[in-house]
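The values are calculated or read from the model by the stated rules, or taken from the named source; none is laboratory data. Small disclaimer: the values here were computed from a predicted structure and weren't measured. Using ideal geometry, Cβ is built from the backbone for each residue, glycine included, and neighbour counts are taken over all protein chains shown.
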């Protein structure tokens, strides 16, 4: 009995000691000096937002950086419900010419407590009251105390030499654009806040969606996106849309781009590993979609969005090879909206309740209205700036 008591006390001491090793910090402190936190277990109180292609921890007020949030991931095997709807992740191809060494990271075990289950459930609830297509619109944001392992890099995204050749990359999340990632270990002090969609809901009230609610095995989102591109024929948007769809491989073709259906939230060891396939530029672009939160034509919009991201990364504008994430997202959302407009969609709403497209807007006001909505969304909801 005495031996069992000693072992029990030892186990409690180890558990409390491991938790005590967590470093208390803030989102802003991490973003100011990411490398100094690499591999550390940290405790952060922040606000978590889940959107179309982001899953972030933000501070209570802006930090003033181009990317004002830390990417959030669950450990592999969590089977959580929350997270982004879609994202594109970069991986070195088998023929990657740059120097690359896969990082070694200490595994994280998630405490699937009642707090975590509440946290995950709240952030996975979609807003679905309005008649408009609402891509990645979560019903709640959550303020909580998060403990987890921080992974960081000095330079996120793709790096190129003077000739434009890709020589390296780093980072996490969508387009590997985020310099810091928190792999979750535990959650506490969960406080939800319902997102205000009242303005967009009021505008779309009583109107039936004009987009298809299909899906299933017979629905081909790439073919649907091609139809969207065809509807824009004869315009600059149509030319770009056609290029965006062309990045996705035809059956039997291997061009370094893959479409994967599965979890968009979990961090997996294979993300850091060298790929098994070759690619024209030595980089694999893995487009991951959560079909549980994409129905019918929403999948086609997601294809168009990710296609723009890949186009911007693979064939950037000369002299603007490394644009900020704000510009990359602005481009992708503009193309997503163009696809919606071209197919006769009446409304398009963004996370946070921002109305990006309303077919009832006067022709003279449409460009300015879309520009204002998109800039406000990127700055206030997605935590990005130029």
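Some values worked out for this structure:
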read-out: Qualifying position, being free of Cβ contacts under 8 Å to residues at least 24 places away in the same chain and in contact with a strand residue (DSSP E or B) (Cβ under 6 Å, 6 or more places away or on another chain), among 151, 189, 161; value: 161
read-out: Residue 82 being touching a strand residue (DSSP E or B) at 6+ places or on another chain (Cβ under 9 Å) and either more than 18 Å from residue 190 (Cα to Cα) or modelled with pLDDT under 95 (or both); value: no
read-out: Within the range 182-196, tally of residues that are under 14 Å from residue 49 (Cα atoms) and part of a strand (DSSP E or B); value: 6
read-out: Lone qualifier among 184, 110 - being under 17 Å from the mean Cα position of the chain (by Cα) and at pLDDT 95 or above; value: 184
read-out: Residue match in the range 338-360 (condition: without any contact (Cβ under 8 Å) to a residue 12 or more places away in the chain and closer than 16 Å to residue 375 by Cβ); value: no
read-out: Residue selected from the range 363-376 under the condition touching a helix residue (DSSP H, G or I) at 6+ places or on another chain (Cβ under 8 Å) and buried (at least 18 other Cβ atoms within 10 Å of the Cβ), by the criterion nearest to residue 55 (Cα to Cα); value: 374
read-out: Test: residue in the range 225-232 that is assigned to a loop (DSSP other than H, G, I, E, B) and at pLDDT 90 or above; value: yes
read-out: Criterion violated by residue 198 - all others in (1) at pLDDT 90 or above; (2) under 19 Å from residue 359 (Cα atoms); (3) surrounded by 17 or more Cβ atoms within 10 Å (Cβ to Cβ) satisfied; value: (3)
read-out: Extreme residue, surrounded by the fewest Cβ atoms within 10 Å (Cβ to Cβ), among residues of the range 121-168 that are at pLDDT below 85 and touching a helix residue (DSSP H, G or I) at 6+ places or on another chain (Cβ under 6 Å); value: 129
read-out: Residue count, the range 106-162 (criterion: part of a strand (DSSP E or B) and closer than 30 Å to residue 346 by Cβ); value: 6
read-out: Pick from the range 350-385, criterion assigned to a strand (DSSP E or B) and under 17 Å from the mean Cα position of the chain (by Cα), ranking: nearest to residue 226 (Cα to Cα); value: 350
read-out: Enumeration of residues in the range 304-337 that are within 19 Å of residue 235 (Cβ to Cβ), buried (at least 24 other Cβ atoms within 10 Å of the Cβ) and touching a strand residue (DSSP E or B) at 6+ places or on another chain (Cβ under 9 Å); value: 305, 307, 333, 336
read-out: Test result for residue 317, in a helix (DSSP H, G or I) and more than 24 Å from residue 78 (Cα to Cα); value: no
read-out: Where residue 268 falls short, out of the listed (1) out of contact with any strand residue (DSSP E or B) (no Cβ under 7 Å at 6 or more places or on another chain); (2) farther than 30 Å from residue 46 by Cβ; (3) modelled with pLDDT under 90; value: (2)
read-out: Number of the condition not met by residue 320 [criteria: (1) modelled with pLDDT of 95 or more; (2) out of contact with any helix residue (DSSP H, G or I) (no Cβ under 6 Å at 6 or more places or on another chain); (3) more than 20 Å from residue 248 (Cβ to Cβ)]; value: (1)
read-out: Residue 91 being in contact with a helix residue (DSSP H, G or I) (Cβ under 8 Å, 6 or more places away or on another chain) and in a strand (DSSP E or B); value: yes
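Matching residues to (1) free of Cβ contacts under 8 Å to residues at least 40 places away in the same chain; (2) farther than 26 Å from residue 26 by Cβ:
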residue	(1), (2)
51	no, no
63	yes, no
75	no, no
105	no, no
125	yes, yes
129	no, yes
135	no, yes
